[in-house]
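Beneath this line is the structure, given in C-alpha cells, with notes to follow.
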Amino acid sequence: SDGEGSDASLEDRLHCPERQRQFEEWGTLEDWELAAALQGLRQRRLPNMHTVARILRDLALLYAEMPTVVHIKRPHYDMKLVIVGDLHGHFGDLMHILDEHGDPSTGPGGTMYLFNGDFVDRGEWGPEVLLLLYCMKLQFPNAVFLNRGNHEDDHQNRLADNGFSQRHCNRAFMRDGQAMYALCRASFKQLPLIHVVAGEIAVMHGGLPLDTGITLEEINSIDRKHRVPITNCNLLGYVKGQKVKAKVDIDGEGSSGQSCFIRTGTVGKLRERIRRTNIAAVRFPCGIEAEVEIAGAPELEEQVEICYDSKSAQKKQRLQRIFVALLWSDPVQQGCSGPSRRGVGSHFDAYVTREFLETNGLKFIIRSHEKRQQGFCQEHLDRDRGVLTATVFSASNYPSGAGEPGGNKASVIALALTGDKRPLALPATVPAWREPYSKKSRWIGGTLSANVKARLSVAEADKEEPESSRIRAVTKLRTMIYCARPQLLSFWNRVDESCTGYITAAEWASAMRACVVPDEDFPWEWLMKHLTHVDDFGNCQYAIFLNRYENGLLRRLAQRWHGGAISQLAPGVVTREDAETAWRQADRDGNGKLTYQELRPVLRTKAKMAQASAVDRLGSYGSLKIDPWDPAADDDRVYSILQCLDHDRSGFVDKEEFINAVMNANERKSLVEEATVLTKMLSMDMGDGGGTGSSPAHRMPSKSAFSSSLSCGRLVKRTSLLLDNELKTAGDAVISQCWIATQTALRALAAAKCSVESVFSVLDTDSDGKIDRAEFREGLMQLIHDASVLHSIDQWEPLLWRVVDEDSS
C-alpha cells in the first residue's frame, strides 16, 4: 500500500507506463456510453464494470492536469452557481438538488454546480452518487466542479462506520468491488482542494489552518495527489516525535515521579496529546516529561519552539498542515481558535478568516464538513463586511437517514453570477428540505420473480407457432422505447438547442444507444426507417415519434391526474395575466420554450410540496404508509404532462400551449382527450412512416383483449362512465400507486425475453383463456415481486383492476 506523501501503489500512479498501457487497452469512453451511464445512474442503475472503470479513469486523468486551486471565472452573461455541501451517499438529496435547479448548463440563464466534497461514506448509495457526479463532470466539464473532502481518502473509507471501501463498493460492484475502489481512490487523489469563484469567494470543504500569511499561491503548490497526510499532523498540528525546544522554563516530572525543572533551550520531543485537550506531553532527556500547551502553528507557540532539520522540512510540514486543514478544520467563535478536538485540523475564528481574506483579496469563505440543523449557517460575521464564513450541508437526516421528523434539513447555496461585475453576495434566504433516505432494500424494484421467469421459459418453449425473430424483436424494441420515452426526450431536448423539434439520424441513433440498447454494434441506423418517419433531409420529428408509444391503462389514469398536476404547476391562476406570470416563472432560461428538463424539476417540486403538506396534515401520505416517489414513475408522469401540453408535437411547450393548458385545467377540461385528438391528426399528417401506434405489449386482458382493444358496446360505455366517476373520487395517492405498479410491470416485462402470449398464458393459471381477479392480483405480485409499492397493494389494486376490467365482466 502507498504511504502518505507518495504515489507508490501501481493502481494509483496514473502516468506510469504500465498503468497507461492498461488504460489504453480499456478503450475510449464514447459519448453515447457516457450518456447511457448518466441516464441509468439517475435511476440508481449502475453501468457495467468496463464502463465504470473508464469513467473513473477519465475523471482521474481529467483532474490530474488541473491545479490544486481552481478558478471559476465570472461568465459574460447571467448564470447561477449552486454550491452543494456534504452528500455522504444520500442519493435522494442529490436528485432533489438536480430536480430543483436543473441540469448543468453554461448557457445564458444556466446552472453550474460546485460539489464541495464528502460524496461518499456513511450513506450506502455512495458509489451511485460518486459515479453520477463524475459522469456530470465528464459530460459538462465547464458547468460541474468537484472539491475533495476529508472522506475522499482511504483512511476514512476503510473505517467500519463509514463503509465505502468495503460494504458499499462490494455491494455495488460485487466481485470487482476492491478493484473499482482502487480506481475510486486514485481519482480522489486528483481532486482539487479549493475553488475560487469570480476572484471573490473561496470554497473549500473544511476550513483554514492557524498558520499565518497563507496565500492561494502557497495552497496551489501543495502536492495533493496522495492520501491526506493526517498522521503527519495529528498531534495538535505536528507529527508524533516532533523535535521541540523549551522557550521558557517548564515544570516537569522525572521517571520516578519527582518534580523536575526544565530550563529554557532544552530539546525534547512531542510524545502524545493529553486526552482531547490542547496539551501535549513532551519527553526531555533523562526521562523527564512535561505538559505544554500547543497553539497549532510554529509562529504561535509560546512554551516551545518547533525545531526542523531544514527549511524544506519546515515548509513541507506547513503545506501538509494546510492540506489537512482545508479538509478538516471547523470555524469557532472569536477567541476560541486552536487545534481541533477532532484530532486533526484546527478551530479557526473570525480573526484567522479575516487575515486570510485580506491576504488574498477575497470577500468570504464557503465551506461544508459539519452538519447544520437547517442545512446552512453563517459562522463568522463582520460589522462592515457582513458574512465572512458560511457552512452549507446537503445531506438531510444525517447520518442515519431514516427520515426521522427531528432529522436535520439540507440546503445549498445559490449564487447569482452576473455578467455586469456586480459583487457576489450570499442569498438572504436559503431553501432547506428534508428528503427521506431510501436504503437499498427499500428502493422500488421491478423484476420478475424466479417463479414467473421459469414459467415464462416453459411457455416460450411450448408455443405452437413461434413468432418470427423479426416480429419479436420489433415488439420488444417498442416496449423498451416506450419505457425510455422520458430519457429519450431529455436527450433530444439537449441536442436540439435551437428548439426546432427535429434531429438528425445520427442524433436519433445516439439517443437510442444511450437510453434503450447501450450497444455500439446494435444496428440502430438500419432500424430507424422501420421505427420512425424520416423526411427528405434525413431528419426525424422526435416528438411525433415518441407519441406513437403509449399505454391505454396509463391514459385512463392520466385523465384523473393531469388536471391536478397542471393546477399545481400554476396554483392560484384565475386570469390570463396570472397564467402569464406563471409562465415567466416556469421558463427559467427565458427562451420561450419549456423543455423536459425545465418542466421536470418544477412539477416534481410542486408535487412533493403537495405530498409534504398531506404528510403534515395526516401524518402519512393519505392512507399510504410508504414513500410513493419512484423517480422512474415520476419521469413518466412528467413526460405524460409535457405530452399533453405539447399540442403541436414540437417536443417543447410554448407560451400559448402552457397558458391554454393552465386555463383549461382550472375549468376542469380534459387535457388528455384534447391531446389524443391532436396526436391522431398529426400522426395522419405525418404518415405511418414505419412507426406504429401503441404495440400489443402495451395493452391488457381476455386472450384476444390482452393484445387488442376492448369492445365498445353500450355496456362498456355505461361502465366507463362509472369508472370515470371512480377515478374522479380516487385519491392522488392511490392513482400514484396504480401508475407506479403499471410502469414497474412494463419495465420488468421489457427486460424479459418473452412474448405477450407467453405472459398471458402464465397469468392464466387455470388455462380457461381469461384472467380473473385472483389471477390478476397473483400475477401482478409475481411481475413486480420486489417493488415496495406491493406493501400497499390492498389499497390501490382494486382501482387498477377496475381500469383493466373495463367492461366489468
With every protein chain kept in place and a 1.4 Å probe, segment 273-379 has an accessible area per residue in Å² of 47 Å²
About its Cα centre, segment 64-181 carries a charge dipole, from +1 on Lys and Arg Cβ atoms and -1 on Asp and Glu Cβ atoms, whose size in debye to the nearest 20 is 240 debye
Here the FRET efficiency for Leu300 versus Glu253, based on Cβ atoms and R0 = 25 Å and rounded to 0.05, is 0.45
For segment 25-80, dividing by residue count, accessible area per residue (probe 1.4 Å) in Å² works out to 44 Å²
Residue by residue through segment 483-491, the couplings from Karplus 6.51 cos²θ - 1.76 cosθ + 1.60 with θ = phi - 60°, in Hz, x for Gly and Pro, are 5, 9, 4, x, 5, 5, 5, 4, 4
Segment 180-305, Kirkwood Rh and Cα Rg, ratio Rg/Rh at 1.11
Note, segment 793-805: 3J(HN,Hα) by Karplus (6.51, -1.76, 1.60, θ = phi - 60°), whole Hz, Gly/Pro = x, goes 4, 5, 8, 10, 4, x, 5, 4, 4, 5, 5, 6, 8
In nm, the gap between the two label points placed 7 Å beyond Cα toward Cβ at Ala416 and Ala281 is 5.8 nm
With the 1.4 Å probe rolled over protein heavy atoms, segment 176-231 has an accessible area per residue in Å² of 21 Å²
With R₀ set to 35 angstrom, the calculated FRET efficiency between the beta-carbons of Arg341 and Arg584, to the nearest 0.05, is 0.10
Of the accessible area of segment 239-369, computed with a 1.4 Å probe and all protein chains kept, carbon and sulfur make up a percent value of 46 percent
With R₀ set to 41 angstrom, the calculated FRET efficiency between the beta-carbons of Asn591 and Ala461, to the nearest 0.05, is 0.15
Sorted on mean Cβ neighbours within 10 Å (highest first), peptides 237-244, 735-742 come out as 735-742, 237-244
For Met781, Met95, the accessible-area ranking with a 1.4 Å probe, largest leading, is Met781, Met95
Distance in Å, no decimals, from the C-alpha centre of segment 197-229 to the one of segment 256-312 is 28 Å
Computed about the Cα centre, the charge dipole of segment 201-343 from +1 Lys/Arg and -1 Asp/Glu charges at the Cβ has a magnitude in debye, to the nearest 20, of 600 debye
The alpha-carbon pair-distance distribution computed for segment 344-419, with 10 angstrom bins and whole-percent values, is 17, 39, 30, 12, 1
Here segment 13-148 gives, from Cα atoms, an Rg and Dmax in Å of 15.2, 46
Taking only the alpha-carbon atoms of segment 37-92, the convex hull volume per residue, in cubic angstrom, is 156 Å³
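The values are calculated or read from the model by the stated rules, or taken from the named source; none is laboratory data. As the structure is a computational prediction, the values presented were derived from the model and not from experiment. Heads up, the Cβs are rebuilt from the backbone with ideal geometry, glycines too, and the neighbour counts pull from every protein chain shown. In case anyone asks, the SASA skips ligands and DNA or RNA and just uses the protein heavy atoms, side chains included. Shrake-Rupley method; radii C 1.70, N 1.55, O 1.52, S 1.80 Å.
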